[in-house]
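Student: Next up is a structure, given as structure tokens.
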Amino acid sequence: MKPVIQLEPTGCGIASVAAIAGVSYSRAKYVASALDIYADDQRLWSETAHVRKLLRRFGLKADATETPFRSWDALPDLALLSIKWHLERGRPFWHWVVFARENERPSVLDSRQGLRQHIRSDFGRIKPKWYIGVADAQASIARR
């Protein structure tokens, strides 16, 4: 799986779905806009419905609920993680990243533009709050 860089400061949810779906940021943004999902909509990074809807459009199945983060070993092989979780005026916000375990090798794909490395393994510095497991990604990609 390859990281997809967000082309807008608030496009982490779109970029994360693009990475999982194996499409470009531009393609994911186009599909998102057809679903009335836009990077500058705060709901994209303070609610999960938009990301779940976009995953479904790409044929991907997400867990129905968010699971509190316990440990890196406890994560499924593919998940969306909420990191940099914080409250602003009582409303939660976070940055979306992708956790992927491929060939028994875990990594985090971080779409933020300013990073030198978008494939991260500095797990001690990343502080997830919760995650959404994503299933059948490879099968869905192979069908397209």
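Student: Among the residues of the stretch 69-85, is there at least one that is over 18 Å from V108 (Cα atoms), charged (D, E, K, R) and surrounded by 12 or more Cβ atoms within 10 Å (Cβ to Cβ)?
Tutor: no
Student: Give me the residue from the stretch 75-89 that is more than 14 Å from A19 (Cβ to Cβ) and not in a loop (DSSP other than H, G, I, E, B) and, out of that set, nearest to the chain's Cα centre (by Cα).
Tutor: Within the stretch 75-89, the match that is nearest to the chain's Cα centre (by Cα) is S82.
Student: Please indicate, with yes or no, whether at least one residue in the stretch 2-14 is touching a Pro at 6+ places or on another chain (Cβ under 8 Å), among the small types (G, A, S), within 20 Å of L115 (Cβ to Cβ) and in contact (Cβ under 8 Å) with a residue 60 or more places away in the chain.
Tutor: No, there is no match, as no residue in the stretch 2-14 is touching a Pro at 6+ places or on another chain (Cβ under 8 Å), among the small types (G, A, S), within 20 Å of L115 (Cβ to Cβ) and in contact (Cβ under 8 Å) with a residue 60 or more places away in the chain.
Student: Hey, another quick one. How many residues, within the stretch 39-61, are in a helix (DSSP H, G or I) and either at pLDDT 90 or above or in contact with a Lys or Arg (Cβ under 6 Å, 6 or more places away or on another chain) (or both)?
Tutor: Qualifying residue count, the stretch 39-61: 9.
Student: From the list R56, R27, which residue is open to solvent by 10 Å² or more (accessible area, probe 1.4 Å) and within 22 Å of I119 (Cβ to Cβ)?
Tutor: R27
Student: Which members of the stretch 19-34 meet the condition of being outside any helix (DSSP H, G or I) and either among the acidic types (D, E) or out of contact with any helix residue (DSSP H, G or I) (no Cβ under 6 Å at 6 or more places or on another chain) (or both)?
Tutor: V23, S24
Student: A further question on this structure: Taking L80, is it closer than 20 Å to I119 by Cα and touching a Phe, Trp or Tyr at 6+ places or on another chain (Cβ under 8 Å)?
Tutor: Spelling it out, L80 is indeed closer than 20 Å to I119 by Cα and touching a Phe, Trp or Tyr at 6+ places or on another chain (Cβ under 8 Å).
Student: Also, quick follow-up: For the stretch 90-123, how many residues meet the condition of being farther than 21 Å from E66 by Cβ, assigned to a loop (DSSP other than H, G, I, E, B) and free of Cβ contacts under 8 Å to residues at least 60 places away in the same chain?
Tutor: 8
The values are calculated or read from the model by the stated rules, or taken from the named source; none is laboratory data. Here the structure is a predicted model, which means the values were calculated and not measured. Because the Cβ atoms are built from the backbone with ideal geometry, glycine has one as well, and the counts that use them run over all protein chains shown. The protein model used for the area step is the full one, side chains on, heavy atoms only, and it has no ligands, DNA or RNA in it. Shrake-Rupley method; radii C 1.70, N 1.55, O 1.52, S 1.80 Å.
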